[in-house]
2 protein chains.
Amino acid sequence: MIDSRAILFVIGLLVTALGLLMLVPALVDAAASNPDWQVFTASAVATVTVGGGLSLAFRGAAINRFSLRHAFLLTSASWAALSAFAALPFTFLSADLHYADAFFEAISGLTTTGSTVLTGLDGLPPGMLIWRALLQWIGGVGIVLMAIIMLPFLRVGGMQLFQAESSDRSEKIVPRPAQLVSYIAGIYSLLTWICFLAYHWAGMGWFDALCHAMTTLSTGGYSTHDASMAYFDNGLILWCGTLFMAAGALPFVVYIKSMKGRPEAIWQDSQVRTLLGLLAVISLGLAFWHAGHNRIGFGEALTHAAFNVVSIVTTTGYASTDYTTWGPLAMVAFFMITFIGGSTGSTAGGIKIFRFQILWLITRAYLQRLISPSRAQVLLYEGRPVPGDVPFSVLAFITVFLGTVAVTTVVLSALGLDFDTSLSAAATSITNVGPGLGDIVGPAGNFATLPEAAKWVLSVAMLLGRLELFTVLVLFEPAFWRR
Amino acid sequence: MIDSRAILFVIGLLVTALGLLMLVPALVDAAASNPDWQVFTASAVATVTVGGGLSLAFRGAAINRFSLRHAFLLTSASWAALSAFAALPFTFLSADLHYADAFFEAISGLTTTGSTVLTGLDGLPPGMLIWRALLQWIGGVGIVLMAIIMLPFLRVGGMQLFQAESSDRSEKIVPRPAQLVSYIAGIYSLLTWICFLAYHWAGMGWFDALCHAMTTLSTGGYSTHDASMAYFDNGLILWCGTLFMAAGALPFVVYIKSMKGRPEAIWQDSQVRTLLGLLAVISLGLAFWHAGHNRIGFGEALTHAAFNVVSIVTTTGYASTDYTTWGPLAMVAFFMITFIGGSTGSTAGGIKIFRFQILWLITRAYLQRLISPSRAQVLLYEGRPVPGDVPFSVLAFITVFLGTVAVTTVVLSALGLDFDTSLSAAATSITNVGPGLGDIVGPAGNFATLPEAAKWVLSVAMLLGRLELFTVLVLFEPAFWRR
C-alpha cells in the first residue's frame, strides 16, 4: 500500500497557493469597485483553510521517501484537486452555473484546453476574466515543469527519451535543482511580459493584452471576448499571437540552453525544426487554398490561415474567424491537425512532435528492413540511439490515445451528440486544443449547451490528455496498489 | 535491378485465366438470350490474347530464381493488372460508364470491398451480376492464399507472426505444397456451396442465392439488388448472411486444422475467440440501444444489429437497412467498427484482430512496467513468444494505415466532398468494407455521383488496403530498385 500522507501534505500546499492566488482577482475587482471581490475573497478563505489544514495535518510526512508510485498519484491527484477548488469562484459568482460547468471551466483552464461554457465574456467583470487567464497561466508553467522534471522519470509515453536532459536514472525522485524551476519560471514570465507589450503595441488595451498574453504563452486560448481574437479585427495582433503561440509550443529546455550562451540550440533542436516546418507548410497550403477557393487576397488569407493553424497545432484554441466555413478541405485539415500537438516540455498538448518523429523513424527502418531483411538497424534521435523501450512506450501511448478518443466519442454520441460534434469534441479535449467542429463545439460555438454528463466526460478527457493518459491510467491497474 | 520477365510471365498466366473466366458470364447471358454475351466473349478474347501473349513471350523466364523483391512486385502488379482487365466488360457494356467507373467497380470487386458505382442492379442482365459476384469470389480466395502463403514471408505488417503456419524461413519463395492451395480452395468452395443452399432454403431464388453466396464468403458485399439485403425483407436470410460472413472472416488455417481431425482448433484460435466475442458484444450492445432508442422489438433489433455489425466488421458491406438513421450512437459505432476488420488469413480486410491483440499485449506490458520498471516482460501470443520485430511491424502498419486514411481524406475533401463523406469513404475503402456515412457513400447511397478523380483515389486506396499497404509502398522506396 501507498502511504498517502506525504501526498496529502503536498496537495495541501498547492491548494493553499491556489487560494492565495484568488486574492489577485479579488484585488482587481475591488479596484474596479465590483462586488465580486467579496466572492473571490470568500473562495480564497475557504480554499486556504482546506489547503492549509491539509498541509498542517500531514506536515510530519516524510517527503524524501517519495517513490515512483507517489509521483504518479501526486501528479493525478493534484491536478484534480486544484481544478475542484479553482471552480469555486465560478460556481459562487453565477447563479446559473452548476458545479459541473464551473468544474469544466476550471479544468479547461488549468489544463490549458480553452473550451468554455461561459457566454457574454465581453460584459464580465475583470476579476472573472483575470481568474480564467491566471488559471491557464499557472497551468501552463505547471505542465512545462511536469513534462521536464516528472514525466521523463515516470517514463510516460516515451518521454524517457528526454530523461538525460533533466535528471538521473535512480528510481526515487530526488529534489531537483531549484535552479531548473527558477529558470523555467523566469523564461515563462519574461516571454509573457514581451507578449503583453507586443499585444499592447499592436493595439490591445492594457487589460486585454495582459489576459491574452497569459493565455497565449500557456497555449490556453481563453479570451476576454466571445468572438475570441476576431473581436480585435487587427492583422498585427494576429501575427503577434501567431508568434507567441508558437513560442509557447517550443521545448523550454532550448530556451535555457540558448540563455546559457548557445542561442543556436533553438534551431538545432529537431522538435523545433519539425514543428516550425510543419506549421509553415500547413499554413501556406491552407492560405493558397483559402485565397483561391474563397476569392480573398493572399495576404489576408495567410494571416488567418497561419493564425488559426498555429492556434490549433499549438493546442491554444483561439479563433480569428470561423474557419470551418472555409470549405470541406479546411474542415478536414483543422480536424486532422488537432491531433498533432506541440513539442514535449512545452505548454502544448496533443500527441506531440517527438512521437511522430519516433513513428517516422520506426516506419522508415521497417520499410528498409522489408527490402533488406539482413541489414542491421539502429534508430537515431538527435544523433543518439533511441532507448529500447521508447518505441513500445510510444506505441502504447498512441494505442491508448486513439482508444480514449474512440471511447469518449462513443459515450458522447450515446448522450445524443451528432457524429461531428462527438468526434471533434473528444479529440479537442484529449489534445487540450479547445474548439472542435459543428455549431456547438466549433470555433463559433460554445460548450454551454452540452448536456451536463457530457461536460463531466470532457472534463475527465481533458485531464487524461493533459497528464499523458498513463499518469492517470496506472492508478486503475490493481498492481499499482499492491505492495 | 529486378529482372521482371518472370513477373510478366506469371501475370500473363493470371490474366489469361481471368479472360477464360469471362466465358462464364458469356454463357449465362447466352442462356438468358441476352445480347451481352457477345461483349463478354469479346472481352474474353481480348484478355486472353494479351495475357496469353505475355506468358508466351516470357515463357523462358526462370521462375525458380524468384526473390523477395519479385514477390512484392508480382503481388502488387498482378492485382492492378487483373483489375484493369476485369474492368473491360463493364466499360464495354454500358455507354455511360467511363473507364474510371469500370475500373472502380472491378477493383472494388477483386479487393472484395463492395462499393459500387452501378445503379439499377435489379434490372441488369444476369451476366453482369454474375461477373461482379465472380470477381469478389476469386478476389476472396486470392486474398486468403496471399495472406497465408505470401505475406508472412514478406513480413508485412507483423504477419511474420504466422510464418510458422505456412512456410520455412528461407529468403527465396520455394514452390509451396500444392496441397495447401487445394485445401483452401476446397474449403472455400464447400462453404460457398453450403451458404448457397442455406440462402435458397431461407427463401432466395437460385440465381440470387448463388451470387450472394459468392459475395458473402468472400466478405465482398456486392448484391444483385440496389437495396442490398434489405430487398428480401427476410430475417432468416439475414441470419444466414450473418453466419457465413463471420465464417469468411475466420482464419482459414483453423478450417484446415479442424478438417485434419482437430475440430477444437476453431475455438482454440485466439483470433477466432476475440473476433466472435467482439461481434457478440457490439451486436448485443447496439441491439439494446436500437430497441430502446427507436422503440422496436428486441428480436428485430438484434437481427438487424447483428447483421450490419457483422457485415461491417467482417468488411463485407451488405446493408439490411440504413443503420445511419438509427441515431448518433449508431453512426459513430458503425464508423468505428469499420476499422476493426476480420482475422488475418481470411477474406476480410481492415486492421485485423491480431494487430489489436498485439497492441493490447504491448500496452498491458508497458502499463505493468511503468509500475515495476525492473520486472522482465515477455510478450506471449497463443502461448509462444512474439518475435522481436513483430511489434515494430505492427507499429509501422498502424502508422501508415492512419496516415493513408488521413491523406486520402484530405485529398477527397480537396475534391469538394464534405467532412463525413471524405473521412468515411477513405476509411471504408482502405479497410475494404464498402459503405461509409452520409447520403453519397452511406449504406443507402451510391458511389456513382462522386467526381471521377475521387474514384481513382478510392481505387488506389482499396488496392493499398487490400495489399496491407507495405506490399505496394516498398515499390516507392528507391532502395527497392537498387541492386
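Among the listed residues B:Ser413, B:Ser393, which satisfies the condition of being without any contact (Cβ under 8 Å) to a residue 12 or more places away in the chain and of a type outside the set (A, V, I, L, M, F, W, C)?
One residue alone meets the criteria, B:Ser413.
Which one of these does B:Thr421 not meet: (1) facing another protein chain (nearest Cβ under 7 Å); (2) crowded, with 23+ Cβ neighbours inside 10 Å; (3) within 26 Å of A:Leu286 (Cα to Cα); (4) polar (S, T, N, Q)?
For B:Thr421, the failing item is (1).
So which residues in segment B:115-127 are more than 14 Å from B:Thr316 (Cα to Cα) and surrounded by 24 or more Cβ atoms within 10 Å (Cβ to Cβ), if there are any at all?
Within segment B:115-127, just B:Gly127 meets the criteria.
Can you pull out every residue in segment A:332-353 that is part of a helix (DSSP H, G or I) and more than 14 Å from chain B (Cβ to nearest Cβ)?
A:Ile353 - this is the single residue of segment A:332-353 that is part of a helix (DSSP H, G or I) and more than 14 Å from chain B (Cβ to nearest Cβ).
Go through segment A:142-151 and give me each residue that's within 14 Å of chain B (Cβ to nearest Cβ) and either open to solvent by 10 Å² or more (accessible area, probe 1.4 Å) or over 20 Å from A:Asp389 (Cβ atoms) (or both).
Within segment A:142-151, A:Met150 is the sole residue that qualifies.
Would you mind telling me which numbered condition in (1) open to solvent by less than 30 Å² (accessible area, probe 1.4 Å); (2) modelled with pLDDT of 90 or more A:Phe356 fails?
Evaluating A:Phe356 over (1) open to solvent by less than 30 Å² (accessible area, probe 1.4 Å); (2) modelled with pLDDT of 90 or more leaves (1) as the failure.
Conditions: (1) within 28 Å of A:Val474 (Cβ to Cβ); (2) surrounded by fewer than 19 Cβ atoms within 10 Å (Cβ to Cβ). A:Gln377 meets all but one. Number of the miss?
Failed condition: (1).
Please indicate, with yes or no, whether at least one residue in segment A:356-368 is closer than 26 Å to A:Pro443 by Cβ and not hydroxyl-bearing (Ser, Thr, Tyr).
Checked against the condition, which is being closer than 26 Å to A:Pro443 by Cβ and not hydroxyl-bearing (Ser, Thr, Tyr), segment A:356-368 yields at least one hit.
From B:Leu458, B:Leu395, grab the single residue that is at pLDDT below 95, of a type outside the set (S, T, N, Q) and within 21 Å of B:Gly341 (Cα to Cα).
One residue alone meets the criteria, B:Leu395.
Residues being facing chain B (nearest Cβ under 7 Å) and under 26 Å from A:Ile398 (Cα atoms): count how many of those fall in segment A:358-377.
The total comes to 7.
Go through (1) open to solvent by 30 Å² or more (accessible area, probe 1.4 Å); (2) more than 9 Å from every other protein chain (Cβ to nearest Cβ) and name the single condition B:Ser429 misses.
B:Ser429 satisfies every listed condition except (1).
Please enumerate the residues belonging to segment B:12-60 that are open to solvent by less than 50 Å² (accessible area, probe 1.4 Å), at pLDDT 95 or above and β-branched (Val, Ile, Thr).
B:Val15, B:Thr16, B:Val28, B:Thr41, B:Thr47, B:Val48
Can you tell me how many residues within segment A:432-442 are β-branched (Val, Ile, Thr) and open to solvent by 30 Å² or more (accessible area, probe 1.4 Å)?
Qualifying residue count for the region: 1.
Among the residues of segment B:152-174, are any buried (at least 23 other Cβ atoms within 10 Å of the Cβ) and at pLDDT 95 or above?
no
Answer yes if at least one residue in segment A:90-102 is of a type outside the set (A, V, I, L, M), within 14 Å of chain B (Cβ to nearest Cβ) and open to solvent by less than 10 Å² (accessible area, probe 1.4 Å), and no otherwise.
No, the conditions are met nowhere in segment A:90-102.
Can you tell me which residue is nearest to B:Pro435 (Cα to Cα) among those in segment B:194-234 that are touching a helix residue (DSSP H, G or I) at 6+ places or on another chain (Cβ under 6 Å) and polar (S, T, N, Q)?
This residue is B:Thr219.
Keeping to segment A:216-235, report how many residues are more than 15 Å from A:Ile194 (Cβ to Cβ) and either touching a Gly at 6+ places or on another chain (Cβ under 9 Å) or crowded, with 22+ Cβ neighbours inside 10 Å (or both).
Here the count works out to 12.
Please give the number of the condition A:Leu73 fails out of (1) at pLDDT 95 or above; (2) farther than 30 Å from A:His225 by Cα.
With (1) at pLDDT 95 or above; (2) farther than 30 Å from A:His225 by Cα applied to A:Leu73, the lone miss is (1).
Table: residues versus (1) in contact (Cβ under 8 Å) with a residue 40 or more places away in the chain; (2) assigned to a helix (DSSP H, G or I).
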| site | (1), (2) |
| --- | --- |
| B:Gly221 | yes, no |
| B:Met229 | yes, yes |
| B:Leu250 | yes, no |
| B:Leu279 | no, yes |
| B:Ile282 | yes, yes |
| B:Leu302 | no, yes |
| B:Phe307 | yes, yes |
| B:Thr315 | yes, no |
| B:Thr321 | yes, no |
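Mind listing just one residue for me: the one in segment A:386-417 that is open to solvent by 40 Å² or more (accessible area, probe 1.4 Å) and more than 7 Å from chain B (Cβ to nearest Cβ) and, of those, nearest to A:Pro152 (Cα to Cα)?
Applying the filter and picking the extreme gives A:Pro387.
From B:Ala280, B:Ala330, B:Ala306, grab the single residue that is within 23 Å of A:Ser422 (Cβ to Cβ) and not charged (D, E, K, R).
Selected residue: B:Ala330, the only one of B:Ala280, B:Ala330, B:Ala306 that is within 23 Å of A:Ser422 (Cβ to Cβ) and not charged (D, E, K, R).
Residue-wise test of (1) in contact with a Phe, Trp or Tyr (Cβ under 6 Å, 6 or more places away or on another chain); (2) open to solvent by 10 Å² or more (accessible area, probe 1.4 Å).
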site	(1), (2)
A:Ala444	no, yes
A:Ala453	no, yes
A:Ser459	yes, no
A:Leu464	no, yes
A:Leu467	no, no
A:Phe480	no, no
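The values are calculated or read from the model by the stated rules, or taken from the named source; none is laboratory data. Note that the structure is a prediction, hence the values are computed from the model and not measured. Reconstructed Cβ throughout: ideal geometry from the backbone, glycine too, with neighbour counts over all protein chains shown. Side chains are part of the model used for accessible areas, which takes the heavy atoms of the whole protein and leaves out ligands, DNA and RNA. Shrake-Rupley method; radii C 1.70, N 1.55, O 1.52, S 1.80 Å.
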